[in-house]
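Input: a single structure, listed below in structure tokens.
The values are calculated or read from the model by the stated rules, or taken from the named source; none is laboratory data. These figures come from a predicted structure and were not determined experimentally. Heads up, the Cβs are rebuilt from the backbone with ideal geometry, glycines too, and the neighbour counts pull from every protein chain shown. Side chains included, ligands, DNA and RNA excluded: accessible areas come from the protein's heavy atoms. Shrake-Rupley method; radii C 1.70, N 1.55, O 1.52, S 1.80 Å.
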Amino acid sequence: MNRFLSLILFFALTSCTKKEVPFDMFVFSVGSYTKDFSVKIDNSDTVYYQNRFKMKTGRNYYAVPKKADMDSLVAIIKKLEFSRYDTFYLQQNLMDGAGIKFLKRKGKTEDWVYFYGDIDPKDLNVYANKLYILTKRISFKPYSKKIDLGNLKYVQIPEVPFTP
């Protein structure tokens, strides 16, 4: 009987433990003249989205995606090994491309990589496309609270003043 109780206790404890996620916060940001948004994923089951396109302040949204979609997002992020990349890639002489930034925070460590244009390593564009497609499948609802997106340096397009 004692083994039986120990076995039940073991299964109860292991089923309640949270699966280890390789990040505390991951932010995927895109900035261009047609898009300006960020998607934040953390250790919860919620995904946050901020749309800044043609707005001085962003509009915030949230969603609780299907488990399969969340697992796919985490799997893509796990494959993104920041140590393999420099932090900054820039295609020269490109005027209308998109700037994309991946930012990952784990504990006190923050890693990021930013790229603008069609550059090497090509797998950065592959990761961006996969994340973009997955987040488009998620139905977001308005969210009134502030979202911590980390440092958006390089991503946000500066506002150009109108001169008649």
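Consider the stretch 43-58. How many of its residues are open to solvent by less than 70 Å² (accessible area, probe 1.4 Å) and either in contact with a Leu (Cβ under 9 Å, 6 or more places away or on another chain) or at positive phi (or both)? Total satisfying the criteria: 5.
Could you check the stretch 44-102 and list, in sequence order, the residues that are in contact with a helix residue (DSSP H, G or I) (Cβ under 8 Å, 6 or more places away or on another chain) and of a type in the set (S, T, N, Q)? Within the stretch 44-102, S72 is the sole residue that qualifies.
A quick yes/no check of all residues on (1) aliphatic (A, V, I, L, M); (2) farther than 17 Å from V27 by Cβ:
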| residue | (1), (2) |
| --- | --- |
| K54 | no, yes |
| V64 | yes, yes |
| V74 | yes, no |
| L94 | yes, yes |
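Among the residues here, Y61 qualifies as touching a Pro at 6+ places or on another chain (Cβ under 7 Å) and either of a type outside the set (A, V, I, L, M) or open to solvent by 30 Å² or more (accessible area, probe 1.4 Å) (or both). The single condition among (1) without any contact (Cβ under 8 Å) to a residue 40 or more places away in the chain; (2) of a type outside the set (G, A, S); (3) within 15 Å of N151 (Cα to Cα) that D86 does not meet is (3).
Taking L149, is it surrounded by 12 or more Cβ atoms within 10 Å (Cβ to Cβ), touching a Gly at 6+ places or on another chain (Cβ under 9 Å) and in a loop (DSSP other than H, G, I, E, B)? Yes. For the condition open to solvent by 100 Å² or more (accessible area, probe 1.4 Å), over 15 Å from F28 (Cα atoms), out of contact with any helix residue (DSSP H, G or I) (no Cβ under 9 Å at 6 or more places or on another chain) and touching a residue at least 24 places away in the same chain (Cβ under 8 Å), K141 qualifies.
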